[in-house]
1. Is it fair to say ALA363 is surrounded by fewer than 13 Cβ atoms within 10 Å (Cβ to Cβ), farther than 22 Å from SER245 by Cα and either over 17 Å from the mean Cα position of the chain (by Cα) or touching a residue at least 12 places away in the same chain (Cβ under 8 Å) (or both)?
2. Does at least one position in the stretch 206-229 carry a residue that is among the β-branched types (Val, Ile, Thr) and open to solvent by 10 Å² or more (accessible area, probe 1.4 Å)?
3. Every residue in the stretch 82-105 that is within 22 Å of GLN46 (Cβ to Cβ) and either in a loop (DSSP other than H, G, I, E, B) or open to solvent by 30 Å² or more (accessible area, probe 1.4 Å) (or both), please.
4. Taking the stretch 5-18 as the region of interest, how many residues are in a loop (DSSP other than H, G, I, E, B) and buried (at least 17 other Cβ atoms within 10 Å of the Cβ)?
5. Please state which of the following conditions SER71 fails to meet, knowing it meets all the rest: (1) within 27 Å of SER142 (Cβ to Cβ); (2) without any contact (Cβ under 8 Å) to a residue 40 or more places away in the chain; (3) of a type in the set (Ser, Thr, Tyr).
6. Of the numbered conditions (1) under 30 Å from PHE456 (Cα atoms); (2) touching a Phe, Trp or Tyr at 6+ places or on another chain (Cβ under 9 Å), ARG273 satisfies every one except a single condition; which is it?
7. Can you tell me which of (1) over 23 Å from the mean Cα position of the chain (by Cα); (2) open to solvent by 20 Å² or more (accessible area, probe 1.4 Å) is the one VAL240 doesn't meet?
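The values are calculated or read from the model by the stated rules, or taken from the named source; none is laboratory data. Since the model is a prediction, treat every value here as computed from it, not as a measurement. Neighbour counts are summed over all protein chains in view; Cβ atoms, including those assigned to glycine, are modelled from backbone coordinates with ideal geometry. For the accessible areas, the whole protein counts, side chains as well, though only heavy atoms, and no ligand, DNA or RNA atoms are used. Shrake-Rupley method; radii C 1.70, N 1.55, O 1.52, S 1.80 Å.
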Amino acid sequence: MAFLDANYLLTTDSAKALYGEVGGLPILDPHNHCDVKALAEDRGFQDLWEAEAATDHYVWELMRKCGVEESLITGKEASNQEKWMALAKVFPLFAGNPTYEWIHLDLRTRLGISLEINEENALAIWEESRRKLQTPEFSPQSLILAMNVEAMCSTDDPADTLEYHERLGQSRLAGRVRPTFRPDNAMNIQKETWNGYVDRLGARWNRSLQCLDDFLDVLAQAHDAMGKLGAVASDHGVLVPETFSPDRKTAEALFQKARSGEKLTEAEAVLFRGFFLNEMAELDAAKGWVFQVHYGAVRDVRASLFRKLGADVGGDVSDHNTAALEPLLPLLNRFDGRLKVVLYNMNPAHNATMAMLTRAFGANVCLGPAWWLNDSYVGIRSQLELGASIDLFSNMTGMVSDSRKILSYGSRFDVYRRTLAGVLGDQVDRGQMPMSVGRMLARRLCYERPREFFGFR
């Protein structure tokens, strides 16, 4: 088997046959971080660094691991070409990490460049990719159409104006790009920035948010606005999914305390966040939306990096001690049978517990795909095998790109489909299921299940 050839990750005839059933299916992406403004404006990429690495924390972290100076990663002085050359020089050291395969796949499948990324080929790749990326054929909207993306859900704050989603609704991508309600900034009452954010949220909707009812009304208004633009889900990023909800009077008192500028204790913040998540779940339940929870990310653990560059530049990890089961039970029991929930956990050590939990709560509660640093052949395969052995293949919800890079969507989904074909193919070969059922499950997980569960129509 040659590097990234047609049988990449497909080591058996059964796997190849199953991949043949699903490799060309449309992409349904329920969670990504695309730049909606750039997509609406259809701005072409200037070069390969902009398309592949300018927003990719995976690349940044691995470059640091290989000793590349920060000035050639996030610095303002170095040119994009200089940064690309620095990346290419150390890129062979990435082998074994999924980033090595993803970026090679992007070049091969989207740009038709089959050269290996290394110092010797760096300039040739740079020049050929730059010529192509600056043509209309490789604009963001053109790439979405070329990758056969049928639906993709961005990540949107309740204070966002949504003008770019409206513009996309009038573009050649009409009906394909949907907002997702992501109210983390409104939930995180413990942060110093919360009061300023609430002011900005109020200004967005022309309301003075001085009481809890007005605050919740504006969030419901934002929820409705996204629904009119095709939203089918909310999304909530938490370290611990605390869902015990205090009474409304207690929540009002906590809201007033924070609005007055007083600092809440951590116990008080936990109570408010629990109340908040339950209120957002009520909005989703009323519309039949999916309530997505991403939990377990411990942010910015590398102090020197945080001091120098701020948040969200790499340095995020998981902690096996993060609680999840007990914190989730109040919400899951309150909404049992009337809310669709997808649980994404950062630490794979939680997969067994989460699979048992989703099994216990029936068809509406699902284990999400392998998330963040687990999004690889190893992570996807282990989550599929363990999750299905406890819950069901058929109850999983497919794949998400979780990506900021348009160029990577096709590669991420292709790795998932090839990995799934291998997992199902092995079970066929071991006599655990007939090939006909393997075909049904492959197609279900790659297309039919996410389409039905998220309500893509």
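1. Numbers: surrounded by fewer than 13 Cβ atoms within 10 Å (Cβ to Cβ): yes; farther than 22 Å from SER245 by Cα: yes; either over 17 Å from the mean Cα position of the chain (by Cα) or touching a residue at least 12 places away in the same chain (Cβ under 8 Å) (or both): yes.
So ALA363 fits the description; yes.
2. Scanning the stretch 206-229, I find no residue that is among the β-branched types (Val, Ile, Thr) and open to solvent by 10 Å² or more (accessible area, probe 1.4 Å), so the answer is no.
3. GLU82, MET85, LYS89
4. Looking only at that region, the number is 3.
5. Just one mismatch for SER71, condition (1).
6. (2)
7. (1)
Residues are listed down the side, and each one gets a yes or a no for (1) farther than 20 Å from ASN374 by Cα; (2) open to solvent by less than 20 Å² (accessible area, probe 1.4 Å):
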site: ALA40; (1), (2): yes, yes
site: TYR58; (1), (2): no, no
site: THR74; (1), (2): yes, no
site: SER79; (1), (2): yes, no
